[in-house]
Structures are given as structure tokens and as C-alpha cells.
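Enquirer: Here it is, the structure, as C-alpha cells.
Just so it is clear, none of the values below were taken in a lab; they were calculated from the coordinates. Note that the structure is a prediction, hence the values are computed from the model and not measured. Counting neighbours? That spans all protein chains shown, and the Cβs are built from the backbone with ideal geometry, glycine included.
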Amino acid sequence: MTGTGTSSVGRSAELFARAEQVVPGGVNSPVRAFRSVGGTPRFMVAGSGPWLTDADGHRYVDLVSSWGPMILGHAHPAVVEAVREAASAGLSFGTPTGGEVDLAEELVRRVEPVEQVRLVNSGTEATMSAVRLARGFTGRSVVVKFAGCYHGHVDALLAEAGSGVATFGLPSTPGVTGAQATDTIVLPYNDLDGVAQVFAERGQDIACVITEAAAGNMGAVAPDDGFNAGLKRLCQAHGALLIIDEVMTGFRVSSAGWYGLEGVAGDLYCFGKVMSGGLPAAAFGGRADVMAQLAPAGPVYQAGTLAGNPVAVAAGLTTLRHATPEVYTALDANADRLHGLFTDALTEAGVVHTIQRAGSLISIRFAEGVGRDYDDMRAAETWRFPPFFHALLDHGVYAPPSVFEACFISAALDDDAFSVIADALPVAARAAAA
Ligand code: PLP
């Protein structure tokens, strides 16, 4: 079905009403609640290739891909088979398994600076553990992060930026204490001078700089040429570690993630999403001498009952093994095709816009000129997004329900899927123009 016309969302509405009684806000992760776009979140019942089907039977082209993991499309037969096989052999042993070794070897093989990895259950665990390890390794406490970069809901990394060269983090959510935020310095993204200044002032205290390899959580914002390399240089000069968060970009923008495009070596990396195949799995890793500080090899404690779960490992490993060069070519081609369709429709409707790209990550900024940091991205005409989003949804395209999220495309997007997108976009662009 194309142009699904999702006027009837009775079943989703009913499920949401029930969910609101027993789950805060009705969802298990806030952005799913559609708060920034309004309307009824769609409860999905199935996914196949580039398509999602909701509880009312509407079919959508999926531009979210479960927030990243599903680069091969939904229910890829080889991944499903691997999961079935692994599950039949036992769901969890709490012992080492061969699959964990295979997955670790695959990650180490793909990303050269990563010599050792530890598997965890979520990107949040990966960044939390990487920061702890960096603090343990350096014996320092301060973490530098960038405004608009999201690294999961780690207390120290939820600290938000004010404006200015160096802002000492303030808790941006109740529940994060001032003490936790005090050790976090938040700087504007893509401002290397700001980082240099902070290192000049506090270099002895800084354990690490953590950055998204390319930012994808304020919309897609690529690092300026030399930004990541400059971070590396400053970290090295001051004895701090560079943590490159590739949870979003890893194994998506190239077979080696953003590292495959730019080649700046971090000391530690965080991975998740694609390497999970859609089940709960993530990893952090990097220099062997740093990783050697982790228990039981070293003194920095980190652990997990379900870490390296055999079913999740099977999904991740099989996904990576099927993420061939052809898949990355298809992802890039699909991103270019979507980019072209966005541009044509918005231009035709007279909507001022810029398509933001970071490899195959793609988002729309409703303003002229490429946004380089969080302030730029927030300064756009963000109010144009909700009507744009809902017109897409009503015409069978499931886009990320926030202007600050990038589209995650899959290699499974085919001509049928693109024809639904091409039909929906002019309507959405006119809605954005209104
Ligand atoms: N780091 C980045 C760059 C992310 O985009 C995310 C999630 O979107 C995370 C970390 C946290 O991952 P998770 O949601 O699996 O905890």
C-alpha cells in the first residue's frame, strides 16, 4: 500500500492510553512519545526490509531503522536465522562464548585503532564505562564534551552547555547532582580554539574529551576538517584520552565507521546500534594499554550479567558479516537519493532549508547555510518540522519524530520505497511552507 493515509490510528491510540497508565509518558524512551511533533505515537507490530507496519495495519517506509541498527532492513533473513539458531542453543550462559570472540575480532579487524573491546548492553553503558576507564587510566576527573552531542543518559554526560568558550556544566536534568556535573566541561562543537583554551587552563585535570565522531544528535553535523584531528593533538599534548563515540556512525557511514572516512585515531571508541543487529549489544574498546586497566586484567571495575549475550552477539555478528562493501555503496546511494528528493521538494515549495550531511547521516535544517554547532541547529525554523513530519507520516513515511534527529536509512530502501517517499515529500514540503 502506498500513500497509506493514516487517519485511523485507533489501535495505536488505545495502546498508548493503556501504556500511559503503566509506563511514564507511555514509552520506554522519551523521543518515541512524539512530544516534539505532537500526535499519537504509532505502535509497530512488524518490520520487513524498508517497511514498518503499525497496529492499525498502516505500512510506512522506515527512515528511522530502530534509531540506527537496521542497516540491512528489518527482519533480514540471515540475521533472523542466526538469532533463531543462537536462541535454540540457549539464551544466556553467563560464561564466555565463542561468538563473543568472533564479534570482538570483527570489531578489532574493522577499526584499526581498536586493539581490544569489551561488550556491553547499550551505548550508554559503553560511554559510561569508557569515561570511567579514562578517569582510572589517567587518575584525573574532568571530562570535556560538546553541546548537542549525546552520549546516552550517563549522569556526567547529560550536562548541558551554556554559551561561551568554556561553560562549566550544570545539571540539565533533575537527578544529576552538581558534583557530577562539576567535573564535566561543555564546549561548543567544532570550536577547536575553545578546546585549546580549556586545555591551557585545566589540562592537568582533564581525563578525556568525548565527542561523537560526527554529530548526529543535533541533526547531522559533520566535524569541520581538522576538528577531530585537533582534538587528538590537544589530548595527546596534555596526557588526556580522546574517546570517539561511534555508537551512531560506527559500521554505518563506512565499514569502519567514521574512522574509515577520516582516519583520526581515538584512544577509546564506543560502539552500539549497527553492531547489535537490533538486539541489546554495544561495545567500547581501543588501545590495548588502556583496556588492560579493566578488571579482571586491571583495577577499573566494569561488568554485566548479560554482556556478550549469545543471541545479541549472533544478531550483531551476522549483521556485520552481511554489511559488505555493496551495502555501504547502497547506503551512500540511498542517502544521496533522499538528499536529492528533500532538496527538490523543499525548493519547489519555497522552503528555506539546508540539507545537513555527515556521511550517510542526513537531516534537514530549516535555515540557510550549514549548521556547525548546537546553537546553529537550534536557531533554525524548527517549527516547520512538525507539519512536515506529520504529512510524511500520513503519506506512509516514518521519519524520526524530532527535528534534532538524523534520518537513519537502510540499504533495503528500494524503488518502491523511494516512490512512496517521492510522492509524500511534495505534500510535506508544502505543509512545512505554510
Ligand atoms: N552515543 C551516541 C552517539 C548515541 O547516538 C546514542 C544513542 O542514540 C548513545 C550513545 C546511547 O546509546 P543507547 O541508546 O544504546 O544507550
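Enquirer: How do the peptides 128-140, 210-222 rank, highest first, by the average count of neighbouring beta carbon atoms within 10 Å per residue?
Expert: Per-residue mean Cβ counts within 10 Å order the peptides as 210-222, 128-140.
Enquirer: In addition: How many angstrom separate the Cα center of region 72-127 from the Cα center of region 343-383?
Expert: 35
Enquirer: Once you sort the root eigenvalues of the Cα gyration tensor of region 349-401 as a ≥ b ≥ c, which label holds: rounded (a/c under 1.5), prolate (a/b larger than b/c) or oblate (the other case)?
Expert: Here region 349-401 falls in the prolate category.
Enquirer: With a 10 Å Cβ neighbour count serving as the proxy for reagent exposure, in which order, fewest first, do Met44, Met377 appear?
Expert: Exposure proxy ranking, most exposed first: Met44, Met377.
Enquirer: Measure off 7 Å from each Cα along the Cα-to-Cβ vector at Ala434 and Leu261, then give the distance between these two points in nanometres to one decimal.
Expert: Simple spin-label model gives 3.4 nm for this pair.
Enquirer: So for region 77-322, what are the equivalent ellipsoid semi-axes in whole Å, largest first, each being the square root of 5 times an eigenvalue of the Cα gyration tensor?
Expert: Sorted largest first and rounded, they come to 31, 18, 17 Å.
Enquirer: Sticking with this one: Rounded, prolate or oblate: which fits the chain, taking a ≥ b ≥ c as square roots of the Cα gyration tensor eigenvalues, rounded meaning a/c under 1.5, else prolate when a/b beats b/c?
Expert: Oblate is the answer for the chain, as a/c is 1.5 or above yet b/c matches or exceeds a/b.
Enquirer: If N is the number of residues in region 332-434, what value comes out of its Cα radius of gyration divided by 2.2 N^0.38 Å?
Expert: So region 332-434 has a normalised radius of gyration of 0.98.
Enquirer: So what is the relative contact order of the chain, in percent, for Cα pairs below 8 Å that sit 6 or more residues apart?
Expert: With pairs under 8 Å counted, the relative contact order is 23 percent.
Enquirer: For the chain, set up a Gaussian network in which alpha carbons nearer than 10 Å are linked by springs, and say which option among Val253, Val300, Val117 fluctuates the most.
Expert: Judging by the Gaussian network model, the answer is Val300.
Enquirer: Quick one: Phe404, Phe418, Phe389, fewest Cβ neighbours within 10 Å first, how do they rank?
Expert: Lowest to highest Cβ neighbour count: Phe418, Phe404, Phe389.
Enquirer: Would you mind ranking Lys232, Lys273 by Cβ crowding within 10 Å, fewest neighbours first?
Expert: Listed from fewest to most nearby Cβ atoms, that is Lys232, Lys273.
Enquirer: Restricting the count to DSSP beta bridges whose residues both fall in the chain, what percent are antiparallel, rounded to a multiple of 5?
Expert: Here the antiparallel bridges make up roughly 60 percent for the chain.
Enquirer: For the residue pair Ala46 and Trp383, what label-to-label distance in nm results when each label sits 7 Å from Cα along the Cα-to-beta-carbon direction?
Expert: 4.2
Enquirer: Another one. State the antiparallel share, in %, of DSSP beta bridges confined to region 77-322, rounding to the nearest 5.
Expert: That works out to approximately 45 percent antiparallel.
Enquirer: Once amide H atoms are placed 1.01 Å from N in the peptide plane, what residues at a sequence separation of 5 or more from His74, or on another chain, have their amide H within under 5 Å of its amide H?
Expert: Ser48, Gly49, Trp51
Enquirer: Go ahead and collect, in residue order, the members of region 390-422 whose backbone nitrogen is under 11 Å from a label point 7 Å along the Cα-Cβ direction of Arg337.
Expert: Only 410-422 fall inside the zone, counting backbone N under 11 Å.
Enquirer: What do you get for the angle between helix 415-433 and the principal long axis of the chain? Use alpha-carbon atoms, 0 to 90 degrees, nearest ten.
Expert: So the helix axis and the longest Cα principal axis differ by about 90 degrees.
Enquirer: Between Asp423 and Asp205, what length comes free when the chain is fully extended (0.36 nm per residue of separation minus the Cα-Cα distance, one decimal in nm)?
Expert: 73.0 nm
Enquirer: I'd like the projected area of region 1-96, averaged over all directions, using the convex hull of its alpha carbons. Report it in nm² with one decimal.
Expert: Computing the convex hull of the Cα atoms and averaging its projections yields 8.6 nm².
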